[in-house]
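The values are calculated or read from the model by the stated rules, or taken from the named source; none is laboratory data. On a predicted model such as this, the values are computed, not experimentally measured, just so you know. Cβ: placed from backbone, ideal geometry, glycine included. Neighbour counts: every protein chain shown.
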C-alpha cells in the first residue's frame, strides 16, 4: 500500500495542490486587498513545496521500482508533478506582479 501511495504521489498531490491554489486564488485576493497582506502569493509558493514533494516521492519510487511498468509510472508521475510545480510557480509570480485590488 505504501508503495502505491508513493507511486501515485506525483499524479495526485501535485494536481490537488494546483486545484487548491486555484480555489484560493479566487478567495484570498479580497482578503489581501482589505488587509494589505500577501496571503495569495504565500499560499501559492507553499503549495509549490507540496507539489514538488509529490514529484520527489514518485521519482524516489522509480529509482527502486521493480519492473519497467513501475519505473515508467513513477517517472511519469514525477514529470507530471514537475509540470504542476511550474504552473504553481507561474501562478505565484502572477500574484506578486498584479495587485489584488484590481478587480
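Could you grab me the full set of residues in the stretch 69-103 that are farther than 30 Å from residue 33 by Cβ, at pLDDT 85 or above and either surrounded by fewer than 18 Cβ atoms within 10 Å (Cβ to Cβ) or in contact with a strand residue (DSSP E or B) (Cβ under 7 Å, 6 or more places away or on another chain) (or both)?
Across the stretch 69-103, the qualifying residues are 72, 75, 76, 79, 83.
Go through the stretch 63-82 residue by residue and tally those that are in a helix (DSSP H, G or I) and free of Cβ contacts under 8 Å to residues at least 24 places away in the same chain.
7
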